[in-house]
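**Q** Got a structure for you, written out below as structure tokens; questions coming shortly.
The values are calculated or read from the model by the stated rules, or taken from the named source; none is laboratory data. Quantities reported herein were computed from a predicted structural model and do not represent experimental measurements. Ideal geometry is used to build each Cβ from the backbone, glycine not excepted, and the neighbour counts take in all protein chains shown. Surface areas here come from the heavy atoms of the whole protein model, side chains and all, with no ligands, DNA or RNA. Shrake-Rupley method; radii C 1.70, N 1.55, O 1.52, S 1.80 Å.
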Amino acid sequence: MLIPMINVALPKGRLGDKVYKMFEAAGYPCPSMDDNNRKLIFENQGAGVRYFWVKPSDVSIYVERGAADIGVAGKDILMEYCPDVYELLDLNVGKCRMAVAGKKDFKDNSTKTLRVATKFKNIAREYYSRQCRDIDIIKLNGSIELAPILNLSDVIVDIVETGTTLKENDLQAFETIFPISARLISNKASFKFKSRQIESLRSQLKLQCPTTE
Ligand code: PRP
């Protein structure tokens, strides 16, 4: 009987390279991935796996709609877009945090609407609504740290990894909203119809997850 291939969406970039090495060590190698070219799809029929490189924020879209059976996405993306997928495993890599930050001398005035610059509109909205705080969201697509410096916003809600970007721009993190790491996610129908393969991949991959990073 022909075993169905598992289609895996991996986030393009440094995190994806690291995660692919974990899949490889877990018994799902795909030697053509090491070819230095611009291809986006790679498969190893022997190992029953096909990989796609996709933009990190798009992984959950491919998985939710079944274009990929499984994928690896950051908890930030899962919290922001709430895709209808199963979260199978915390890979314990790609660790960082979602934080509120601003200028070091920022003094909050709770009677005024807070101007919040962010890529993560839903996370910011939910965080401040839990505090019953009126905010004005300014949606940006990158270099979020510029916003408080240029007085476009009072604070930012953004990812902090090493803290270097904040430090080098004289900014400070005030609060952590939640910790972030990369998660293995699965399409719901795939998890039902390819359950044996996905379960076995999950348990092999679990053995490759660092206990601390
Ligand atoms: C992310 C994030 C911060 C930075 C944090 O930006 O938005 O700007 O990394 O990392 P650090 O704490 O290690 O300095 P990214 O590099 O993804 O670029 P962006 O400005 O396009 O969002």
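**Q** Go through segment 8-21 and give me each residue that's open to solvent by 20 Å² or more (accessible area, probe 1.4 Å), touching a helix residue (DSSP H, G or I) at 6+ places or on another chain (Cβ under 8 Å) and not small (Gly, Ala, Ser).
**A** LYS12, LEU15
**Q** I'd like the residue in segment 1-11 that is at pLDDT 95 or above and not aliphatic (A, V, I, L, M) and, out of all such residues, is farthest from the chain's Cα centre (by Cα).
**A** Among those that are at pLDDT 95 or above and not aliphatic (A, V, I, L, M), it is ASN7.
**Q** Out of ALA182, ALA173, ALA189, I need the residue that is near the ligand (Cβ under 10 Å from one of its atoms), under 24 Å from LYS75 (Cα atoms) and not aromatic (Phe, Trp, Tyr). Which one?
**A** ALA173
**Q** Does segment 140-159 hold any residues that are near the ligand (Cβ under 9 Å from one of its atoms) and touching a Ser or Thr at 6+ places or on another chain (Cβ under 8 Å), and which are they?
**A** Result: LEU140, ILE144, GLU145, ILE156, ASP158.
**Q** Any residue that is of a type in the set (A, V, I, L, M, F, W, C) and assigned to a strand (DSSP E or B) - is there at least one of those in segment 32-48?
**A** The answer is yes; a qualifying residue exists.
**Q** Considering (1) within 30 Å of ASN187 (Cα to Cα); (2) crowded, with 18+ Cβ neighbours inside 10 Å; (3) touching a residue at least 60 places away in the same chain (Cβ under 8 Å); (4) within 9 Å of the ligand (Cβ to nearest atom), say which one LEU88 fails and leave the rest.
**A** Here LEU88 meets the rest and fails (4).
**Q** Do you know which residues across segment 177-201 are touching a Gly at 6+ places or on another chain (Cβ under 7 Å) and either assigned to a loop (DSSP other than H, G, I, E, B) or not hydroxyl-bearing (Ser, Thr, Tyr) (or both)?
**A** Across segment 177-201, the qualifying residues are ILE180, SER181, ALA182, ILE185, ASN187, ALA189, GLN197.
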